[in-house]
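> Below are the structure tokens for one structure; questions will follow.
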Amino acid sequence: MAEKDKRYVVTWESYVYAPNDYMARKRAHDINDVINGQRNAQDSEVKEIGEQPFATMHFRELTDISEPSSKDEPDELPF
């Protein structure tokens with residue numbers, strides 16, 4: 001980082017397709033890890049995850065957006 005560089009805030013929004021809440025959380029955090037691994041990117045965080053079916057206004061916010069661990073895995077994995 002150059003001495004004269006200024007700090008900017010960038011807000012990301014994207015769609016993540018997943019079969020269930022667990023996989024949505026996992027994929028969101030995987031993408032966040034990639035962003036944090038890039039040059040000059042740091043402190044990126046997942047701020048919100050919600051389900052929004054295509055072509056609807058309905059939005060269901062997940063209450064738990066933490067990075068999932070193996071103890072969070074559903075009984076039946078989608079793969």
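> Using alpha carbons only, how many degrees (0 to 90, rounded to 10) separate the axis of helix 21-36 from the longest principal axis of the chain?
Around 10 degrees separate the two axes.
> How high is the FRET efficiency between Phe59 and Lys6 when r is their beta carbon distance and R₀ equals 25 Å, given to the nearest 0.05?
On the way: r = 34 Å, r/R0 = 1.36.
Computed FRET efficiency for Phe59 and Lys6 comes out at 0.15.
> Rank by packing, highest mean first: peptides 28-36, 5-13, with packing defined as the count of other Cβ atoms within 10 Å averaged across residues. Write out the running numbers ahead of the final one.
Details: 28-36: 14.0, 5-13: 6.2.
With the highest mean Cβ count within 10 Å placed first, the list reads 28-36, 5-13.
> Can you give me the Rg/Rh ratio for the chain, using Cα atoms for both radii and the Kirkwood formula for Rh? Kindly include the intermediate steps, with their values, before the conclusion.
Values: Rg = 15.4 Å, Rh = 14.6 Å.
Reported Rg/Rh, Kirkwood definition of Rh: 1.05.
> Now a separate question. At 7 Å along Cα-to-Cβ for each site, give me the label-to-label distance between Val46 and Asp33 in nm.
Modelled inter-label distance: 1.1 nm.
> As a test of the formula, what do you get for the chain when each DSSP H run with n ≥ 4 contributes -39,500 (n - 2.57) and the sum is divided by the residue count, at 222 nm and rounded to the nearest 500 deg cm²/dmol? Intermediate values should be presented prior to the final figure.
Details: 1 runs with 16 residues, N = 79.
Helix-only estimate at 222 nm: -6500 deg cm²/dmol.
Rule-based calculations on the coordinates, nothing more; no lab input. As the structure is a computational prediction, the values presented were derived from the model and not from experiment. Glycine also receives a Cβ, built like all others from the backbone with ideal geometry; neighbour counts cover every protein chain displayed.
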